[in-house]
Ligand SMILES: [Fe+2]
């Protein structure tokens, strides 16, 4: 029997009594999905499983997305990434180490973006690297009626790296030409319906959104900035401090997230390593 408890936070839940090493049956899987859709963020506690079991669990949420930056993919497991400061590529490269230290939602630069992302904490530093998540359904519900009707039918345009380093955010790693060709500019509604629940939330008003379709550049940028500022209120934000064995999942259709920056490792208590899986498409239990 698993136990699902709300976090002591504006939103989110924790799951106890689950062991991914032994697999997750369909009933439990459905229960976990419903909890995620209700709470936006889920922290599965006390896991000790290996890459194979974690990836099998990831596939229960959708199709894993190999990252557009192919050098970021995990050796032997291209559907996964190693996130943190311990890999050769991240140790001495501030940009790669902190490539998620800005508000965004995963693959919003893609026509078919992620539906869930999960991070499995393997090694955790004393400070830094926390994940902050915004509940974009709550943020949408908190808009006044005039703003809701103003944005209801608008599409934002998204492009990988379009807002890199702007608005006080950390820059994103650049794509090479072949990678950039894979992800041309793409529109997404500002108010987007969840692919399973149909609930409407603000979507992707940070990270890759660089304008509004059919609107003058200045006006579009100003509207995105206004919506982002609204979402960044403390009442909509949960900050997760990882403990080794945590798997944090978030519903990328209904959230924004940002990693707190971290330095290069320099002794005990400074190393950070998490395994990451992002998925897209409808989960098997809802097909
Ligand atoms: Fe991310």
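The values are calculated or read from the model by the stated rules, or taken from the named source; none is laboratory data. Bear in mind the structure is a predicted one, so any value in this text is a computation, not a measurement. For neighbour counting, all protein chains shown are included, and Cβ atoms are generated from backbone atoms with ideal geometry for every residue, glycine included.
Any residue at all in region 180-195 that's more than 16 Å from the ligand (Cβ to nearest atom), in contact (Cβ under 8 Å) with a residue 40 or more places away in the chain and closer than 30 Å to residue 16 by Cα? Yes, region 180-195 contains a residue that is more than 16 Å from the ligand (Cβ to nearest atom), in contact (Cβ under 8 Å) with a residue 40 or more places away in the chain and closer than 30 Å to residue 16 by Cα. The residues in region 151-168 that are without any contact (Cβ under 8 Å) to a residue 40 or more places away in the chain and in a helix (DSSP H, G or I) can be counted, and the count is 0.
Considering only region 248-270, I want to know if a residue exists there that is more than 16 Å from the ligand (Cβ to nearest atom), in contact with a helix residue (DSSP H, G or I) (Cβ under 8 Å, 6 or more places away or on another chain) and within 30 Å of residue 24 (Cα to Cα). Within region 248-270, not a single residue is more than 16 Å from the ligand (Cβ to nearest atom), in contact with a helix residue (DSSP H, G or I) (Cβ under 8 Å, 6 or more places away or on another chain) and within 30 Å of residue 24 (Cα to Cα). Condition (residue is more than 22 Å from residue 194 (Cβ to Cβ), buried (at least 21 other Cβ atoms within 10 Å of the Cβ) and within 16 Å of the ligand (Cβ to nearest atom)) applied to region 214-232: is it met by at least one residue? No; the residues of region 214-232 include none that is more than 22 Å from residue 194 (Cβ to Cβ), buried (at least 21 other Cβ atoms within 10 Å of the Cβ) and within 16 Å of the ligand (Cβ to nearest atom). When the helices (runs of 4 or more DSSP H) confined to region 40-139 are screened for residues that are within 16 Å of the ligand (Cβ to nearest atom), those reaching at least 3 such residues are found at 94-97. Residue 98 - would you say it is in contact with a helix residue (DSSP H, G or I) (Cβ under 7 Å, 6 or more places away or on another chain), at pLDDT below 95 and buried (at least 18 other Cβ atoms within 10 Å of the Cβ)? No; evaluated as a whole, the condition is false for this residue. The condition of being in contact with a helix residue (DSSP H, G or I) (Cβ under 7 Å, 6 or more places away or on another chain) and in the same structural domain as residue 52 (by TED's automatic domain parsing) holds for only one of 68, 83, that being 68. Only a single criterion out of (1) at pLDDT below 95; (2) surrounded by fewer than 20 Cβ atoms within 10 Å (Cβ to Cβ) is not satisfied by residue 50, namely (1).
This table checks each residue for (1) under 20 Å from the mean Cα position of the chain (by Cα); (2) surrounded by fewer than 18 Cβ atoms within 10 Å (Cβ to Cβ); (3) farther than 20 Å from residue 279 by Cβ.
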residue: 28; (1), (2), (3): no, yes, no
residue: 32; (1), (2), (3): yes, no, no
residue: 39; (1), (2), (3): yes, no, no
residue: 45; (1), (2), (3): yes, yes, yes
residue: 56; (1), (2), (3): yes, yes, no
residue: 78; (1), (2), (3): yes, yes, no
